[in-house]
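Data first, discussion second: the structure below is written as C-alpha cells.
Laboratory data are not the source of any read-out in this text; all were calculated from the coordinates shown. These numbers were taken from a predicted model, which means no experiment stands behind them. Virtual Cβ from ideal backbone geometry, glycine too; neighbours counted across all protein chains shown.
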C-alpha cells in the first residue's frame, strides 16, 4: 500500500499491479470489491493446493470457470461466492468434485482468516437482447453450422466486432488491431502471421477458448490478456500452459493489461511473442 508524505494511505493508480493483500487492505475500495478479492485469493490458494495434491481434474474444472463473483443474497442476508460456468461444463462439476473444492476452499479461508462466503456453482447467464425471440428462432431453424469463433452463447450481436470476427471486450479488439498491423504492414506476405481470436479448441478433458491463437513460421502460439489482479492465478496458468503445450502449442504468453492501452509497449510485447514463437522448438 502506498502512502502520501504524511503517511496516509493512497489509492493505487491504474498502472500499479496490486496484490490481493493490497486490494483487501485498501481503505478506498468498497465492501464488494474487498470480498471479491478475498474470495478469489482463497480460490487461487485452494486450487493451487489441489494441484500440488495431484487433484488435476478439479484444477482443470476451475480453469473452465467463466466468472467468479461474490454477491449478497438479500433473502438469506449472507454473501455467496458464485463460480459461473458454461452449460456444457456445468454437468462436469459433480458433487464429489465440488465438495473436494469446497473443503479445500474452507480450509484456506480458515488459515487465511477470511470469511467463508460459501462457494457455489451455477450456469453463466446468457446475454439477451430485445430481439431474443427472433434470434432464437433463427438459431433453431438456420441451416448454418455454428463456428468455433467466439463459441460462448450470445443472443444479442457482439458489441466488439471487426473483420467479421467477434471479441469479448475492447482490449481484445485492440490487441487484434495491433496483430493485424504486424500481419499486413510489417511482415512480408509470404512469411506473415495468422490471427485467430477466441478460437474454441479441445485439449484432453477440456474445451478452451484462448484470447488469441497465432500461427507463425509453421508454429502455433497462444496469447492471453491478463487481468489487473492476475498474480494469484499463476500456478493455475502454468497448469493450463502445460496442457496446451502438451497438445502441440509451441509457446504460450500473456499480455499485461496495462500494455493494452500503451501502443508502444503492446507492439513490443507482441514482437517479443512472435520472436519467441518463431524460435520455439
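Remarks
- Counting DSSP beta bridges with both ends in the range 20-123, the antiparallel % (nearest 5): 60
- As a proxy for reagent exposure, ranking 45, 242, 51, 115 by other Cβ atoms within 10 Å from fewest up yields 242, 115, 51, 45.
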